[in-house]
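Below: one structure, written as structure tokens.
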Ligand SMILES: NC(=O)c1ccc[n+]([C@@H]2O[C@H](COP(=O)([O-])OP(=O)(O)OC[C@H]3O[C@@H](n4cnc5c(N)ncnc54)[C@H](O)[C@@H]3O)[C@@H](O)[C@H]2O)c1
Ligand SMILES: [Zn+2]
Ligand SMILES: [Zn+2]
């Protein structure tokens, strides 16, 4: 039987989100219905609401979530009612050109549920990143459910489903930070702070955090930054160079995703270093760089989609590191909120000291 539950929907571009009743169908073949326990508020949800991703309104927002499998459809193996899972947006297909070449972290055809969740009048919803988890229940492809140790609190586990994984992965997978590297991170929201923690985990020697907000920088220090730079007060490129013997960092991560931060990241990098773009730009943004600098500075300019993660490989491993006290994931949960508080959480993103607001159901 299709179920009626409450969910947070962006009905129109730029309009405040609303909590409305939605219809969640039974799981079809290869699908699962998950009772959501916690879902973090990510900047990407706000990008959706502002029409910055695409214009397929109405969106069912929310995509960094953990919960318990309520039911599975035909043919689902390895997943059953009662399993504690983190939802992912990379259920690899195994068949696309990336998967066939042994690079499933780029999967171009990741699975999502095929039956639509709808408004009460039948209007199909576009679930954010194919998840839509600011809802009491959500329908996903079974491969979007990654089982992890259930002793991790859901509000902590859920964050691995997007921003924290994206940040840690930008450092350890895309940037390939290694022991002894110098690393700089622009933007210390949930994603950038996770990149800081990831760089520390990988054994970086210097981890330089850059933000406009001193509260964010203080938090970044707690998570492993060895130096912090407030870009409102200091030119971050010069500061990073000064902290790295005049050279720039080996790996620079842009977790803001604006032309000005990307340009700073590009020039704050040592010769032959790597710059990683993990912040998501909006369609109107443009970048202008002297092509000769792209050539003569060498190295790599990479984008990081979801931290190049493989959920089945990375989620259980990072949960275990958390449970062993080696990865402070709990520090990313600044506040837990109700389902009606998502719009207020978007507001708080622009100012203040919030890494993640997490909706508890
Ligand atoms: N690539 C991916 O797979 C992926 C996954 C999740 C999120 N994201 C994206 O990552 C970005 C960050 O997400 P978040 O949730 O951490 O956002 P957030 O809003 O919580 O954090 C952004 C941080 O950047 C800082 N900032 C803004 N302008 C700056 C500047 N000029 N210089 C230095 N710092 C600046 C802000 O003060 C804030 O602390 C967003 O664009 C989001 O869409 C990407
Ligand atoms: Zn694939
Ligand atoms: Zn996200």
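Each reported figure results from applying straightforward, stated rules to the coordinates on display, with no laboratory input. Please read these numbers as outputs of a predicted model, since none were measured by experiment. Heads up, the Cβs are rebuilt from the backbone with ideal geometry, glycines too, and the neighbour counts pull from every protein chain shown.
Within the group 85, 36, which residue is within 16 Å of ligand 3 (Cβ to nearest atom) and closer than 21 Å to residue 316 by Cβ?
So the residue among 85, 36 that is within 16 Å of ligand 3 (Cβ to nearest atom) and closer than 21 Å to residue 316 by Cβ is 36.
Taking segment 293-304 on its own, how many of its residues are surrounded by fewer than 18 Cβ atoms within 10 Å (Cβ to Cβ) and within 16 Å of ligand 3 (Cβ to nearest atom)?
Residues that pass the stated criteria total 1.
Checking the conditions here, which among 65, 91 is away from ligand 2 (no atom under 13 Å from the Cβ) and under 20 Å from residue 148 (Cα atoms)?
Result: 65 is the single residue among 65, 91 that is away from ligand 2 (no atom under 13 Å from the Cβ) and under 20 Å from residue 148 (Cα atoms).
Name the pairs whose Cβ atoms lie under 6 Å apart, with the first residue in segment 237-260 and at positive phi, the second surrounded by 24 or more Cβ atoms within 10 Å (Cβ to Cβ) and outside any loop (DSSP other than H, G, I, E, B), and 6 or more positions between them or separate chains?
Listed by first residue and then by second, the contacts come to 248/269.
If I go through segment 17-34 residue by residue, how many of them are farther than 17 Å from residue 114 by Cα, surrounded by fewer than 17 Cβ atoms within 10 Å (Cβ to Cβ) and touching a residue at least 60 places away in the same chain (Cβ under 8 Å)?
The qualifying residues number 2.
What single numbered condition from (1) outside any helix (DSSP H, G or I); (2) free of Cβ contacts under 8 Å to residues at least 40 places away in the same chain; (3) surrounded by fewer than 23 Cβ atoms within 10 Å (Cβ to Cβ) fails to hold for residue 209?
(3)
Looking at segment 245-360, what helices (runs of 4 or more DSSP H) fall wholly within it and have at least 2 residues that are closer than 21 Å to residue 38 by Cβ?
By residue number, 311-323, 342-349.
Keeping to segment 96-116, report how many residues are touching a residue at least 60 places away in the same chain (Cβ under 8 Å) and either surrounded by fewer than 18 Cβ atoms within 10 Å (Cβ to Cβ) or farther than 28 Å from residue 307 by Cα (or both).
Adding up the residues that qualify gives 4.
Within segment 45-67, can you find the residues that are buried (at least 22 other Cβ atoms within 10 Å of the Cβ), farther than 12 Å from residue 12 by Cα and within 16 Å of ligand 3 (Cβ to nearest atom)?
Within segment 45-67, 45, 61, 62, 63, 64, 65, 66 meet the criteria.
Of the residues 14, 73, which single one is away from ligand 1 (no atom under 16 Å from the Cβ), free of Cβ contacts under 8 Å to residues at least 40 places away in the same chain and either in contact with a helix residue (DSSP H, G or I) (Cβ under 8 Å, 6 or more places away or on another chain) or within 23 Å of residue 337 (Cα to Cα) (or both)?
Just a single option satisfies the conditions, and that option is 14.
Looking at segment 142-163, which of its residues are within 20 Å of residue 104 (Cα to Cα) and crowded, with 24+ Cβ neighbours inside 10 Å?
144, 145, 146, 160, 161, 162, 163
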